[in-house]
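Novice: Sharing a structure, written as structure tokens. Questions coming.
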Amino acid sequence: MKTQWVDLFPKRILILHSDRMISNLLSYGLISQGFIVHESIARISEVRLPIFDLVILDAALKRKEVQALKQEWSKLGTPPVLEIICTPLPTLEDKSLSKYIVDQIEPPIDFPELIDKINSIIQRNIIGLQQLQVSSHNKAFRIKDIEIYPERFEIKKKNTVLSLRKVELNIFIHLVQHIGMFVTVNQMQEMFKVDTEMVYRTIQNHILKLREKLDIFQGEIEIQTTRNKGYRLMVYSGEGS
């Protein structure tokens, strides 16, 4: 059976559209795809969820409505914007949010195209554990395209599988939890504080062995080191990265 992956943290979308019917239709379709959706007709002060992963924004909103949105933007987490444009209408009259617009779509909206755009935008913009997915039927989880199987002490990327020792897998998971960020050996010692044998130099040796084993992924997964900062895990797509 092919593994089905679901987001551990469902992605949150805010729909700001001047037409209630269109907003409702978009909301219904996105909810059915597993998104958390909030609708508003630019009454942004009434929005209670603090952070969104994406805003779907109607280009026909009036200047005063966009101004109200601009004032509250930081409270939303300054999310990227997918703009719904309708030719020959111009895009947003107020250009203050233009820097957040990362893609556009024209009506009539093709729903599969909309979902593709949303997934692409979210994947480019989410960071850290917001990327985490869990298997619907295996004891496994995935971040980006790395699959981790704790009970088997394995990690997988595409068709490449790597078996690790327990301590190596624990270090890898700790680095994954801070993907793209530096982690010091002292911080990792906290994770192993119940193991009196896991001293500073021992952790460094395990990281060195783990780094060597990760060579099997041909540069797509690597542990970088910077003096006085520590170690960080970097993951690349392998498509020109």
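The values are calculated or read from the model by the stated rules, or taken from the named source; none is laboratory data. Please read all numbers here as calculations on a predicted model, not as lab measurements. Every residue, glycine as well, gets a Cβ built from its backbone with ideal geometry; the counts of neighbours run over all protein chains shown. The protein model used for the area step is the full one, side chains on, heavy atoms only, and it has no ligands, DNA or RNA in it. Shrake-Rupley method; radii C 1.70, N 1.55, O 1.52, S 1.80 Å.
Novice: Leaving ligands and nucleic acids out of the surface, order Asp145, Asp110, Asp58 by accessible area at 1.4 Å, largest first.
Specialist: Largest to smallest exposure gives the sequence Asp110, Asp145, Asp58.
Novice: In terms of solvent-accessible area of protein heavy atoms at a 1.4 angstrom probe, what is the ranking of Ser98, Ser23, highest value first?
Specialist: The ranking, largest first, comes out as Ser98, Ser23.
Novice: Sticking with this structure for a sec: Here is the link list: Lys11/Lys117; Lys139/Lys209; Lys117/Lys157; Lys99/Lys144; Lys11/Lys144; Lys156/Lys229. Which ones come out longer than 18 Å on Cα distance?
Specialist: The answer is Lys139/Lys209; Lys117/Lys157; Lys99/Lys144; Lys156/Lys229.
Novice: Let me ask you something else. With label points built 7 Å along Cα→Cβ from the Cα atoms of Arg20 and Lys99, find their separation and express it in nm.
Specialist: 3.6 nm
Novice: Pop a pseudo-label 7 angstrom from the Cα along the beta-carbon direction at both Phe182 and Asp110 and give the gap in nm to one decimal.
Specialist: 4.6 nm
Novice: Report the FRET efficiency, 1/(1 + (r/R0)^6), for Lys229 and Ser120, where r is their Cβ-Cβ distance and R0 is 30 Å, rounded to 0.05.
Specialist: 0.45
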